[in-house]
Amino acid sequence: MKMTLLGTGVRTPFVLHGLAGSAEELGLSEVVLHDVDPERLELVTALGAHLCKEWGVTFEVRSQLDPQKALEGSRFVFSAIRVGQERARALDEELPLKHGVLGQETTGPGGFAMALRTIPAMLGYARMIVEVAPDAFLVNFTNPVGIVIQALSDHTDVRCVGVCDGPIEMKRSVARFLGVPGDEVHVDYFGLNHAGWIHRVLVDGRDQLPDLLDRYEELQLAEESWRLFEPELVRSIGMLPMEYLYFYYYRQQAVENVLSSGGTRGGQIAALNAALWPALRERIDAGDLPGAETEWEHAMDARDATYFSRERGEPVPDAFDDRDDDEAEMFEGDGYEGLATAVMVAAVRRRKVPLILNVPNRGAIPQLRETDVVEVTCLADEHGVHPLAQGAMPDPARALIEPIKEYERLTVQAAVEGSYDAALRALLVHPLVGSYPLAKSILDDYLSAHAEFLSYLR
């Protein structure tokens, strides 16, 4: 069985590791990597093939610059593209901050700019998949995940699903705190990508959420990710919020923290990657693949060590010491790559697996449209992915989700129609903007900074 990975970034080895653990179950024979950047494609393919050899996998890892040839005959396609690469992300985050608005990769104006650059490219890939691999299932990691899946679902015939590791990490965190294996915990989750809540936690058929809310201070001590939210806030909502809701519940604080940090996460990642690619080039040209692996691990350590630091108001170190962690710790746990592989295994092995995914609503959240892409608990099997009914959103969730969803709809419209007016209305309705002069200033800044990619907006 062949699968294709569109986009070869620094996280590709994690995807290959997830595939390596399920290669036998999947009957996987080859993984084809494609990227529009020939050098990145070459370097990541070399590093990935080296790692797969270390892991003893039997599938072939190869590169293909021609997207049609890369996709032909694939059973599954993973998408992880970044149009404009790290420099574009840095601009996405920097420009709104000039206006006192959050700059973040997926949330608010940053996610908006990324979506406008990304949707046309993803629509092109999706139509190519339908043409040369009509039975393929597209598993999308490309951010902003929910908006991209909305565009693909509305405007192509490709079979697709969006994956994000945030909700599954929330579930694992709760399971650890309760002292229960993850597979024995069922969580009901609803919302949109990077804006959702756990609203029920079942263990042996009994809802543990009330107890978790009562013991939220203990949960914070045990699991760092929950420290973003004050217990009084969480108990007033009556649900467990995913971490990106910090940008809404603590909007001004997040902006002030980023501004006082002296930079942005996008700029930091751009600097880390700018150092990594030449290091990989040097090591691989010298035939030192173990050295390339070490360089890559060091860069990944640096990324992980500073995740959410700026937004929290924590110091961001300029340098990082090498760790002595072994390979098992580098690849400990399964993030979005494990979630994507689980979708594949459910389809190939005809299993029914509960997963939290981005899919068309189909009534899972009654206050939203049938075709709205939502992030909810689903059942994955050989027939695809089926959203499970979550019931009506409580008022605190509805008040936030409805304007964000309208922003997503308008952003897709803007990208598909090339409409400046729809793009402006998208920013205007977003809860983090909500001002016409502000929305227009941010949009015009993006059109100037990203002229290469956004000239289609009229």
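Considering only segment 1-112, give the helices (runs of 4 or more DSSP H) lying wholly within it that have at least 3 residues that are within 16 Å of the chain's Cα centre (by Cα) and under 21 Å from Glu295 (Cα atoms). If you could, list the steps in order and put the result at the bottom.
Details: elements: 12-20, 23-26, 38-55, 67-71, 85-97.
Of the helices (runs of 4 or more DSSP H) lying wholly inside segment 1-112, those with at least 3 residues that are within 16 Å of the chain's Cα centre (by Cα) and under 21 Å from Glu295 (Cα atoms) span 12-20.
Scanning segment 153-167 for residues that are in contact with a Phe, Trp or Tyr (Cβ under 9 Å, 6 or more places away or on another chain) and not in a strand (DSSP E or B), we see that the one that is farthest from Gly84 (Cα to Cα) is Pro167.
Take the conditions surrounded by fewer than 19 Cβ atoms within 10 Å (Cβ to Cβ), of a type outside the set (A, V, I, L, M) and under 27 Å from Asn257 (Cα atoms) and apply them to Arg87. Does it pass?
Details: surrounded by fewer than 19 Cβ atoms within 10 Å (Cβ to Cβ): yes; of a type outside the set (A, V, I, L, M): yes; under 27 Å from Asn257 (Cα atoms): yes.
Against the criterion (surrounded by fewer than 19 Cβ atoms within 10 Å (Cβ to Cβ), of a type outside the set (A, V, I, L, M) and under 27 Å from Asn257 (Cα atoms)), Arg87 qualifies.
Does any residue of segment 170-177 turn out to be hydroxyl-bearing (Ser, Thr, Tyr), modelled with pLDDT of 95 or more and open to solvent by less than 40 Å² (accessible area, probe 1.4 Å)? Checked segment 170-177: at least one residue is hydroxyl-bearing (Ser, Thr, Tyr), modelled with pLDDT of 95 or more and open to solvent by less than 40 Å² (accessible area, probe 1.4 Å). In segment 47-70, the residues that are touching a residue at least 12 places away in the same chain (Cβ under 8 Å) reach residues that are part of a loop (DSSP other than H, G, I, E, B) and not small (Gly, Ala, Ser) with C-beta atoms within less than 6 angstrom, at least six apart or across chains, in these pairs: Phe59/Leu28; Ala70/Gln64. For Leu102, are the conditions met, namely being in contact with a Leu (Cβ under 7 Å, 6 or more places away or on another chain) and at pLDDT below 95? Against the criterion (in contact with a Leu (Cβ under 7 Å, 6 or more places away or on another chain) and at pLDDT below 95), Leu102 qualifies. Looking at Thr142, is it within 12 Å of the chain's Cα centre (by Cα), farther than 16 Å from Pro67 by Cα and either surrounded by fewer than 24 Cβ atoms within 10 Å (Cβ to Cβ) or in contact (Cβ under 8 Å) with a residue 12 or more places away in the chain (or both)? Yes. Which of the residues that make up segment 402-427 are open to solvent by 50 Å² or more (accessible area, probe 1.4 Å) and within 24 Å of the chain's Cα centre (by Cα)? Those that are open to solvent by 50 Å² or more (accessible area, probe 1.4 Å) and within 24 Å of the chain's Cα centre (by Cα): Glu402, Glu406, Arg409, Gln413, Val416.
The residues of segment 128-152 that are among the polar types (S, T, N, Q) and either at pLDDT below 95 or assigned to a helix (DSSP H, G or I) (or both) amount to a single one, Gln150.
Here Ala319, Ala399 are screened, and the one residue that is among the hydrophobic types (A, V, I, L, M, F, W, C) and either at pLDDT below 95 or more than 24 Å from the chain's Cα centre (by Cα) (or both) is Ala319.
Taking the numbered list (1) at pLDDT below 95; (2) open to solvent by less than 10 Å² (accessible area, probe 1.4 Å) in turn, Gly191 passes all entries but (1).
Within segment 222-256, can you find the residues that are in a helix (DSSP H, G or I) and open to solvent by less than 30 Å² (accessible area, probe 1.4 Å)? Correct list: Trp226, Leu228, Pro231, Val234, Ile237, Tyr244, Leu245, Tyr246, Phe247, Ala254, Val255. When segment 47-60 is filtered for residues that are aliphatic (A, V, I, L, M) and either closer than 16 Å to Leu6 by Cβ or open to solvent by less than 30 Å² (accessible area, probe 1.4 Å) (or both), the ones remaining, listed by number, are Leu47, Leu51.
With respect to the conditions (1) surrounded by 20 or more Cβ atoms within 10 Å (Cβ to Cβ); (2) among the charged types (D, E, K, R); (3) without any contact (Cβ under 8 Å) to a residue 40 or more places away in the chain, Glu24 falls short on a single one, namely (1). Residues in segment 381-401: is at least one free of Cβ contacts under 8 Å to residues at least 40 places away in the same chain, in contact with a Cys (Cβ under 9 Å, 6 or more places away or on another chain) and of a type outside the set (Val, Ile, Thr)? Among the residues of segment 381-401, at least one is free of Cβ contacts under 8 Å to residues at least 40 places away in the same chain, in contact with a Cys (Cβ under 9 Å, 6 or more places away or on another chain) and of a type outside the set (Val, Ile, Thr), which makes the answer yes. Determine, yes or no, whether Val77 is open to solvent by less than 20 Å² (accessible area, probe 1.4 Å) and farther than 28 Å from Ser455 by Cα. Against the criterion (open to solvent by less than 20 Å² (accessible area, probe 1.4 Å) and farther than 28 Å from Ser455 by Cα), Val77 qualifies.
The values are calculated or read from the model by the stated rules, or taken from the named source; none is laboratory data. This one's a predicted model, so the numbers in the text were calculated from it and none came from an experiment. So basically every Cβ, Gly included, is an ideal-geometry build from the backbone, and we count neighbours across all protein chains shown. For accessibility, only protein heavy atoms count, side chains too; no ligands or nucleic acids. Shrake-Rupley method; radii C 1.70, N 1.55, O 1.52, S 1.80 Å.
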